[in-house]
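Peer 1: Once you've had a glance at the structure underneath, I'll fire off some questions.
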Amino acid sequence: MAEYSASFIRRFRFFFVALGIIFAASVAYAVFAPALGIRQNQADEEFQKGWLLFQDRKFDAAVEKLSEALRINPQFHWARRFLAEAYYFSGQLSDALDEYEALARTMPHDLTLKNRIEALSSVDENQTVKATEFLRVLPRTQGYRYNRPTFVGLINPDRFAVLSLGNFDIGSMVSYSAQGEPVENQHRISGKLGYPMAFAQNEDEVWISDFKEDKIHRLKKKAPLFFSYFFNPKAIGKSGSGQLEFRAPAGLCHRKGEFIVADSENNRLQRIADNGAFIAEIQRPQDVDSLVSPFGVWCNEDAIWITEPTAGRVTHFDRYGSIVAEYSPRELKKPRHIEWDDDESVFLIADESAGILKMNTAGEILDTLKGYRNNEGRFVEFARAYAASFDAFRNLYVADYGASEVIQFVPQSEKFAPLYLHVEKVNAAKFPIIGIYVTVATGEKNRASAGKTNYLTELKAEDFKVLENDAPVGNLDTAYLSQFEDILQMAILVSRSTRMKDYETQLPWVLDHIFTKIREKDRFEILTHGEDIRRESDFTASRLALLKSIRTGLNPDFLTEKPLKTASAALYDSLSDLLNKEGKRAVLYITDGGMDDDALNPYTKVRIIDYARANHIPIFVVSFENPAYTSDARDTLKELAEKTGGMYYRALEIDPKIENILRSQNEVRYLLGYKSKMKKQVRGQYVDLRVMARFRERRGLDLNGYFIP
């Protein structure tokens, strides 16, 4: 019997082993699976709560719920991803980076995590200048031809344009999209373009010098698309040597309130106000050599720099036109246009004989670019370089007049680098209609502008692709946010200090720079801070109600000598109130000038700056600069403004065009809208999203998702 049993067991041993495994697995499931299942259900519940709070832009509350989901299940990668996002959008960048790095260690092949970590890494202020290499010669396609190019430059952050003389005395201005594709070719502005030689711009217009016609054309930036010629202002000037008369006008530049034109054959510069009125002319003093056919011009608030090709010279003037210094380095032969490169802090000088020169403010030539090696490996030397300029993405464009080419160079390290695509929010409230808020940026950051991100703002629907649970969706729409283009939404924060009471009568004058042009769909709110934070008004478009709210807030019963203890919380609340608003958003902080880094508690200066930047909301500061405060207070306020993309103003020197500045902000977000293919019957299911974008030869990807409501 024992032998029979042993034989039976040997005969069916594989069956018994399999049965044992199944039995053991069943016991294990009975013991562990229900507990794990229950805990994961709890984690899912906390995750869904955190996700809803995140979509509602309540980031601090979302952090709590998502952290709880991770406490229940530390391997819940979606909870960790959204926790990192919540940290990021609440201005806690170091915590966000920690979470992304923890996630990347468990998911090393997820390139979206690598890109996000790179994007969050700070800019190295001491990094070396990136080398550039030849990318292409801009094609001269049918309808967008350029011939004998004279100038290249940016029209807006994403779009650049080429001026050329063309054939048969018909010049052109060809503009290109962010993708580098030609989009418009204009031969008439305020009259026919003869020999366009340069352009410069203010907030409303682009001025183009016409070397042959002795005039300055004026192009309205917001003219109707069709028949725009009839809506442009009249050209300025005619042939002659008087005021607003020209002989061969060449380079021009713009600074606050005025254009400066190189009146070449009159051997002078002319300063012309934005409205076209003559201001003054600039010539050399009689006891020194006269100007010799000035050509290229660059200016800022403090200085004017010009080139003189015939003299082989670059001259530095002060703000008003007095000579500071002259430079004639041996490398300089026949300089044409001059441009300042903020990123490298050098001048780019296009020289007909020497190529592209990089010159510092001491007149020293630091580098020379004589040509390029084409795709066949042959070195091509510039024939007659007339202009050079960088775009926001560190692409260098050189207008080679002699070769009738515009050559594009690209940073070596960025030629095929990925885009930084970021899904910021998914709105499923109107399911099956889904809205995905997305930003797209290149990896380049401008050190000269506090490491600000270079966002792409002119991509089209066909440049994006969205997949739901790996299934592509169709009919993407990107037009939704355009309806808010002219709407301004502001939180106006006023320091409720005893010193501010002294300026109460001046506040209406300051605010009238904005309120007198308030529009029907604009919405402003008033907050004040002192011993506490008070919302004095809801969002409204009523000028009278807003001014009354400020007067109420400055009631002597509410004033305090030490309002700083609530300053950081008030700034944080002001930013938070704008998170779900559409349109041009900004915080306007009006203060008597008091600020202290140490007083910014519980939210530090760094966190407020990061919070504002993550949510694309600039802080504008208007300060009365009370003498009781030190320059350190002013420096702190300036930093808050400038590092968030805003501006700092002394109250009595506020820019009269501040309202235009606020409205001219670029919307950096896209809202990708589409109709979901998911069924509402599976309510509560989480849907994975993959969003992709393309820009020239580069691609971007981000992961996200939504719950079916």
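The values are calculated or read from the model by the stated rules, or taken from the named source; none is laboratory data. Note that this is a predicted model, so its numbers are computed, not measured. With ideal geometry, Cβ positions are generated from the backbone for all residues, glycine too; neighbour counts draw on all protein chains shown.
Peer 1: From the list 331, 344, 301, exactly one residue is part of a loop (DSSP other than H, G, I, E, B) and in contact (Cβ under 8 Å) with a residue 60 or more places away in the chain. Which is it?
Peer 2: The conditions single out 344.
Peer 1: Counting only residues that are of a type in the set (Val, Ile, Thr) and at pLDDT 95 or above, which one in region 280-309 is nearest to residue 256 (Cα to Cα)?
Peer 2: 304
Peer 1: Give the number of residues within region 478-507 that are of a type outside the set (A, V, I, L, M) and in contact with a helix residue (DSSP H, G or I) (Cβ under 6 Å, 6 or more places away or on another chain).
Peer 2: Number satisfying all stated conditions: 4.
Peer 1: Please state which one of 57, 81, 105, 136 is more than 30 Å from residue 380 (Cβ to Cβ) and not in a helix (DSSP H, G or I).
Peer 2: Exactly one residue qualifies, and that residue is 57.
Peer 1: Answer yes or no as to whether residue 478 is buried (at least 18 other Cβ atoms within 10 Å of the Cβ), under 30 Å from residue 390 (Cα atoms), in contact (Cβ under 8 Å) with a residue 24 or more places away in the chain and touching a strand residue (DSSP E or B) at 6+ places or on another chain (Cβ under 8 Å).
Peer 2: The answer is no for residue 478.
Peer 1: State all residues of region 484-502 that are over 20 Å from the mean Cα position of the chain (by Cα), assigned to a helix (DSSP H, G or I) and either of a type in the set (Asp, Glu) or modelled with pLDDT of 90 or more (or both); if no residue qualifies, say none.
Peer 2: The answer is 502, and nothing else.
Peer 1: Quick one: which residue in 576, 537 is within 27 Å of the chain's Cα centre (by Cα) and either surrounded by fewer than 20 Cβ atoms within 10 Å (Cβ to Cβ) or among the polar types (S, T, N, Q) (or both)?
Peer 2: Details: 537 fails: within 27 Å of the chain's Cα centre (by Cα).
Among 576, 537, only 576 is within 27 Å of the chain's Cα centre (by Cα) and either surrounded by fewer than 20 Cβ atoms within 10 Å (Cβ to Cβ) or among the polar types (S, T, N, Q) (or both).
Peer 1: Looking at residue 246, is it over 33 Å from the mean Cα position of the chain (by Cα) and either among the hydrophobic types (A, V, I, L, M, F, W, C) or under 30 Å from residue 419 (Cβ atoms) (or both)?
Peer 2: It is true that residue 246 is over 33 Å from the mean Cα position of the chain (by Cα) and either among the hydrophobic types (A, V, I, L, M, F, W, C) or under 30 Å from residue 419 (Cβ atoms) (or both).
Peer 1: Looking at region 339-358, which of the residues that are within 20 Å of residue 372 (Cα to Cα) and of a type in the set (Val, Ile, Thr) is surrounded by the most Cβ atoms within 10 Å (Cβ to Cβ)?
Peer 2: Among those residues, the one meeting the criterion is 349.
Peer 1: Please work out which one of (1) surrounded by fewer than 17 Cβ atoms within 10 Å (Cβ to Cβ); (2) part of a strand (DSSP E or B); (3) of a type in the set (Val, Ile, Thr); (4) in the same structural domain as residue 280 (by TED's automatic domain parsing) is the condition residue 315 fails and give its number.
Peer 2: Among (1) surrounded by fewer than 17 Cβ atoms within 10 Å (Cβ to Cβ); (2) part of a strand (DSSP E or B); (3) of a type in the set (Val, Ile, Thr); (4) in the same structural domain as residue 280 (by TED's automatic domain parsing), the lone unmet condition for residue 315 is (1).
Peer 1: With the requirement that a residue be within 30 Å of the chain's Cα centre (by Cα), of a type in the set (Phe, Trp, Tyr) and not in a loop (DSSP other than H, G, I, E, B), what does region 373-409 give you?
Peer 2: If the condition is that a residue be within 30 Å of the chain's Cα centre (by Cα), of a type in the set (Phe, Trp, Tyr) and not in a loop (DSSP other than H, G, I, E, B), then 386, 390, 397, 409 are the ones that fit.
Peer 1: Next question. Can you work out which of the residues in region 79-99 that are crowded, with 24+ Cβ neighbours inside 10 Å and either aromatic (Phe, Trp, Tyr) or not assigned by TED's automatic domain parsing to the domain that holds residue 68 (or both) is nearest to the chain's Cα centre (by Cα)?
Peer 2: Once the filter is applied, the top-ranked residue is 88.
Peer 1: List the residue pairs whose Cβ atoms are under 8 Å apart, where the first residue sits in region 371-387 and is β-branched (Val, Ile, Thr), the second is assigned to a strand (DSSP E or B), and the two are 6 or more positions apart or on different chains.
Peer 2: 380/371; 380/372; 380/373
Peer 1: For region 251-285, what are the residues that are out of contact with any strand residue (DSSP E or B) (no Cβ under 8 Å at 6 or more places or on another chain) and either buried (at least 18 other Cβ atoms within 10 Å of the Cβ) or closer than 14 Å to residue 321 by Cβ (or both)?
Peer 2: Across region 251-285, the qualifying residue is only 267.
Peer 1: I would also like to ask the following. Conditions first: (1) over 26 Å from the mean Cα position of the chain (by Cα); (2) free of Cβ contacts under 8 Å to residues at least 40 places away in the same chain. Residue 524 passes all but one, so which condition is the exception?
Peer 2: (1)
Peer 1: Would you list the strands (runs of 3 or more DSSP E) that sit entirely within region 593-709 and hold 1 or more residues that are surrounded by 17 or more Cβ atoms within 10 Å (Cβ to Cβ) and of a type in the set (A, V, I, L, M, F, W, C)?
Peer 2: Output list reads 619-623, 670-675, 686-695, 698-707.
Peer 1: Take region 50-71 and flag every residue that is under 22 Å from residue 436 (Cβ atoms) and acidic (Asp, Glu).
Peer 2: 56
Peer 1: Test residue 434 against the criterion of being assigned to a loop (DSSP other than H, G, I, E, B) and touching a strand residue (DSSP E or B) at 6+ places or on another chain (Cβ under 8 Å), and give yes or no.
Peer 2: Working: assigned to a loop (DSSP other than H, G, I, E, B): no; touching a strand residue (DSSP E or B) at 6+ places or on another chain (Cβ under 8 Å): yes.
Criteria not met by residue 434.
Peer 1: Next question, about the same structure. Identify the residue in region 290-312 that is more than 35 Å from the chain's Cα centre (by Cα) and aliphatic (A, V, I, L, M) and, among all such residues, is surrounded by the fewest Cβ atoms within 10 Å (Cβ to Cβ).
Peer 2: For region 290-312, the residue satisfying everything is 292.
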